[in-house]
Amino acid sequence: MSILDKLFKQNSIGKNNDVKASVMAVLPEQIYESASLELQDIIAPSALKIESKSINLGNKIARTFFIISYPRFLTDNWFSPIINLDKIFDISIFIHPIDTSIILRQFQKKVAEVQSQINMREGKGMVRDPMLDTSYQDLEGLRDSLIQAQEKMFDVGIYITIYADNELELFKVENEIKSMLESKLIYIKPAIFQQEDGFKSVLPINSDLLGIHQKLNSEPLSSVFPFISFDLTMDKGILYGINRHNSSLVIFDRFSLENYNSVTFAKSGSGKSYATKLEILRSLMFDVDVMVIDPEREYEFLAEAVGGRYFNISLSSDHHMNPFDLPIPREDETAEDVLRSNIINLVGLFRLMLGGLTPEEDSMVDRAISETYAIKDITAKSDFSNIEPPLLSDFEMVLGGMDGSDSVIARLAKYTKGSWSTFLNRPSNVDINKKFVVFSVRDMEDELKPVAMYIIMHYIWNAIRKNLKKRLLVIDEAWWMMKSEDTASFLYSIAKRGRKYYLGLSTITQDAADFMKSPYGVPIITNSSIQLLLKQSPTTIDVLQKTFNLTDEEKYLLLESSVGEGIFFAGLKHVAIKIIASYIEDQIITSDPSQILLNKKAKEEAEAGELGK
């Protein structure tokens, strides 16, 4: 017996004790003198004080309650609000089966009593009592179910122990739980003068010391099933991770929501790219085409592993995308709609490339784009399937014939004649007809990265509009896009319009503060049915707490999470999640430099072995 057990025994409270018990303190001297130290002594609180309605455990106060009454009917998941309550508490549910033959004898006596009362009232000419009639019907129905072995009876005890730092907080938690249960006609009482037995009854030692039971048959008892934390387990979809609350699987299909977009916020090194690559790998197995804009060359090995295409976009790259390309109109679109939309997007691109445009220049550029298409015989009535789109140099030539265009042409020259001309002033030669396509902009100059990402997104958007197919577009390090209003606006337009084309937009960033500063930051979040928050830094947590309406507990969960842990929001539900991959998946998607080097070395050794043969 540990020291704590001895003190409990010496100071235990009986039912006829006074209101308060003496303070029990486990002092280091007592442990030292006893020359005995057990696990119980190590994990026990430094001091205990048992009172009539609570127990002081060191700097915490605990109070145990038991359920004393249930309504006539219990609905499914009635215990769910308590299980998912964002407070610290323990729950024990004790279920003691009752022999059916014994309960049937008790039922026979009870049915006879109720029938006798009904007959007496009828004999006296009294009005029928609905409560007696209902009781008789319920007893008869339950007795039939027991006889037919469709139901069994149980003595059920449900005990709840809540914890708080002070009496006021304890009072608030108690009232919150009471109001939630009483709204369902379920009533609880504190274990007065039995707090010690109540506290021991909720410890995981399987001891029902309170012994306060209510009789329930199988059907209502099943509604007490405790593992009803919010979960996101669907019949279809991909595995995102494990629910940290109840270890259930977080299986979800983003294409089952009102839109298919997602946002991921996490500090550097917290596993955001790992989680994204895992989703990509699993989505590919469900016939989803995936396209990625990769600013750090993290997706190259994944593209190689799944047989995708990897394009390294830079000034010296052989891969080019002509921003003047036009998609073929779909059945529900006209050539005029496509041309107008493309002109608007190009004006935004030139605004970004040229460092802004005055209202006069904006109007001039808009007119020049239309005339540039016109010199190639591209109009609102053209057939876009057999056209040769203009180049940036054609646009420059058109501008040269306009009055007041000198400033625009001077700024445009570096893209048509300077060192940057190799990037933009070329016909498109990029084929994205693969299930997995990655565009890397790591080797692109920082000044050009927003321009490159805009052009890539524009090119992808045009390709997406050609035919309807389930697709996922991943924008990693999206804060690059949020630095400019035009790129952020284009990203937002894709987030809003993507659903029409069966496109899910996945926006990932580690700089939540900069993302939120953009006027399009919050609208992109509100247009994303899925949000994944992984480990956060203290500098950004307050912004996220306000944006996502996080509780203080959720805020601290994000601050203290390990790599690959966080909160997963989908629709109206959210759960604490842990991202888990299989060994093979981990080898493909890892971003750990040491593991990448080992994989690279193993690959080189394998290739050398093949050559040796």
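Things to note:
- In the stretch 162-185, residue surrounded by the fewest Cβ atoms within 10 Å (Cβ to Cβ) [restricted to those that are in contact with a strand residue (DSSP E or B) (Cβ under 8 Å, 6 or more places away or on another chain) and within 12 Å of Ile82 (Cα to Cα)]: Lys178
- Any hit, the stretch 374-393, residues being more than 28 Å from Tyr310 (Cβ to Cβ), of a type in the set (Phe, Trp, Tyr) and at pLDDT below 90: yes
- Test: residue in the stretch 388-396 that is touching a residue at least 40 places away in the same chain (Cβ under 8 Å) and surrounded by fewer than 17 Cβ atoms within 10 Å (Cβ to Cβ): no
- Applying a threshold of 6 Å to beta carbon distances and a minimum spacing of six or more residues, or different chains, the list of pairs starting in the stretch 372-383 at a residue that is touching a residue at least 12 places away in the same chain (Cβ under 8 Å) and ending at one that is among the aromatic types (Phe, Trp, Tyr) reads Thr372/Phe395.
- Enumeration of residues in the stretch 201-216 that are surrounded by fewer than 18 Cβ atoms within 10 Å (Cβ to Cβ) and either among the polar types (S, T, N, Q) or assigned to a helix (DSSP H, G or I) (or both): Asn206, Ser207, Gln214
- Selection count where residues are at pLDDT below 80, crowded, with 18+ Cβ neighbours inside 10 Å and not in a helix (DSSP H, G or I), scope the stretch 397-438: 1
- Test: residue in the stretch 446-459 that is surrounded by fewer than 16 Cβ atoms within 10 Å (Cβ to Cβ) and touching a residue at least 60 places away in the same chain (Cβ under 8 Å): no
- Leu185 meets the stated requirement of being in the same structural domain as Phe73 (by TED's automatic domain parsing), in a loop (DSSP other than H, G, I, E, B) and at positive phi.
- Total residues in the stretch 103-128, condition more than 16 Å from Glu140 (Cβ to Cβ) and either surrounded by 12 or more Cβ atoms within 10 Å (Cβ to Cβ) or among the β-branched types (Val, Ile, Thr) (or both): 2
- Taken together, Glu336, Glu361 contain a single residue that is among the acidic types (Asp, Glu), buried (at least 16 other Cβ atoms within 10 Å of the Cβ) and in the same structural domain as Val408 (by TED's automatic domain parsing), which is Glu361.
The values are calculated or read from the model by the stated rules, or taken from the named source; none is laboratory data. Given the structure is predicted, the values throughout are model-derived calculations rather than measurements. Cβ coordinates were reconstructed from backbone atoms using ideal geometry, including for glycine residues, and neighbour counts include every protein chain displayed.
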